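Every read-out reported here was derived from the displayed coordinates using simple, explicitly stated rules and does not represent laboratory data. All of these numbers come straight from a predicted model, not from anything done at the bench. Here Cβ is always computed from backbone atoms with ideal geometry, including for glycine, and neighbour counts include all displayed protein chains.
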Amino acid sequence: MKIGIDAGGTLIKVAYIDDEGRSFERWPSAQVDALIDRLNAEHTDDLIYLTGGKSAYMAEKLKHHEAISVEFEATYRGLLKLMKEQDVRLGHFIYLNVGTGTSFHYAGPSGQQRVAGSGVGGGTLIGLSTLLAGVHDYDSIIHLATQGNRDEIDLKVHHIYAGRPTPIPGDLTASNFGNVLSGEVSKLQPADKVQAVIGLVAETVTAIGISLAEGFETDDIVFIGSTLLDNTVMKDIINRYAGLKDARAHIIHNGEYSGALGAIL
Ligand code: ATP
Ligand code: MG
């Protein structure tokens, strides 16, 4: 069996590949030592391939491993494989890995290059949701967010223009959290706050992606990373925002496993 591991800041993504097929597994990065113990005890004959920020740590503690890949290259190899499997055929494109933070890449004929980074990402989603709404569990946050309404929190372009014609779509957010002083804040529920947090993260990374896509003369923006996992609020915002700007958003199924898969390739 071949085992590909992408050990990130928040989650360790594991891909198991053998003659019978492929399976995936997620571990919290805080449990890295438990994963290492399992691999050392139960996978002595398997080939282990590593990538991600915590790969050097894992390599030190594992009894054996085949190779360590540079994270950005491994992720790109895995992403191309997943895109091919899912019939997403693009000439050149921008892709975003929305992990703990977000990294932005351009993919063209000569491979990928990292073109931007932002500290706004999945870690922001969890950190701000904890501070503002007292919810820290990822699954609880994303489910709660589906029941919220961020209208009283975010300032939209049409709020500023107050019924007059707007030079850009009125439904665009003019300022995330910018309506708090004018909105009815006392009525806000945790669901509204976590939805606004997801809005901030989704709109920030999508806006950067759209600008990069314009600069690199493509309409296609590909999204991967565990921050999209079951996150319907985030996915809806990404699709709507990209649509408003005439860009095409492609959210890759199992995209969070790109690095783990690519480490093996
Ligand atoms: P990086 O690449 O930045 O080092 P990473 O590889 O750990 O980090 P991802 O796994 O792509 O990053 O994404 C991490 C984010 O995914 C978290 O910040 C959180 O928002 C979200 N997430 C999804 N599922 C979970 C989960 N079960 N537990 C914690 N976070 C989760
Ligand atoms: Mg990662």
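About the Cα centre, and with charges only on the beta carbon of Lys, Arg (+1) and Asp, Glu (-1), how big is the dipole of segment 76-191? Nearest 20 debye, please.
Working: 9 positive and 9 negative charges, 102 e Å.
My answer is approximately 500 debye.
With the chain treated as a Gaussian network of Cα nodes joined by springs under 10 Å, which of Thr232, Thr102, Thr75 yields the largest mean-square fluctuation?
Highest fluctuation among the options: Thr232.
Measuring from label point to label point, each 7 Å out along Cα→Cβ, what is the Leu47 to Ser140 span in nm?
Placing both labels 7 Å along Cα→Cβ, they lie 4.3 nm apart.
Calculate the spin-label point distance for Arg248 paired with Gln31, positioning each point 7 Å from the Cα along the beta-carbon direction, and give it in nanometres.
Distance between the two pseudo-spin positions: 3.9 nm.
Given axes a ≥ b ≥ c from the Cα gyration tensor, I'd like to know whether segment 21-143 is rounded (a/c under 1.5), prolate (a/b larger than b/c) or oblate.
Working: a/c = 1.83, a/b = 1.05, b/c = 1.74.
Because a/c hits 1.5 or more and a/b fails to exceed b/c, segment 21-143 counts as oblate.
Points 7 angstrom from Cα along the Cβ direction at Lys2 and Ser175: gap in nanometres?
Roughly 5.3 nm, to one decimal.
What does the C-alpha gyration tensor say about the overall shape of segment 18-79? Classify as rounded when a/c is under 1.5, otherwise prolate if a/b is larger than b/c, or oblate.
Here segment 18-79 falls in the rounded category.
Top mean-square fluctuation among Leu132, Leu229, Leu181, Gaussian network model of the chain, C-alpha springs under 10 Å?
Comparing Leu132, Leu229, Leu181 in the GNM, the peak value goes to Leu181.
Subtract the Cα-Cα distance of Glu60 and Glu20 from 0.36 nm times their separation in residues, and report this length gain in nm to one decimal.
11.4 nm
Along each of the three principal axes of the Cα atoms of the chain, give the extent in whole Å, ordering the values from largest to smallest.
The Cα atoms of the chain stretch 68, 43, 29 Å along the principal axes, largest first.
Have a look at Gln113, Leu82, Ser69 and report the one farthest towards the positive end of the charge dipole of segment 43-178, computed about the Cα centre with Cβ charges (Lys/Arg +1, Asp/Glu -1).
Going by the Cα projections, it comes out as Gln113.
Once a ≥ b ≥ c are taken as the square roots of the eigenvalues of the Cα gyration tensor of segment 98-188, is the result rounded (a/c under 1.5), prolate (a/b larger than b/c) or oblate (a/b not larger than b/c)?
The shape class here is oblate.
Which value, in debye to the nearest 20, gives the size of the charge dipole of the chain about its Cα centre, when Lys and Arg are +1 and Asp and Glu are -1 at the Cβ?
Result for the chain is approximately 520 debye, rounded to the nearest 20.
At 10 °C and 1.306 mPa s, what whole-number value in µm²/s does Stokes-Einstein give for the translational diffusion of segment 110-265, with Rh from the Kirkwood sum over Cα pairs?
Numbers: Rh = 16.7 Å.
The estimated diffusion coefficient comes to 95 µm²/s.
Round to a whole angstrom and tell me the spacing of the C-alpha centers of segment 32-79 and segment 202-265.
Each part's Cα centre sits 26 Å from the other's.
Pick from Asp137, Asp219, Asp192: which residue has the top mean-square fluctuation in a GNM of the chain where Cα pairs under 10 Å get a spring?
Asp137
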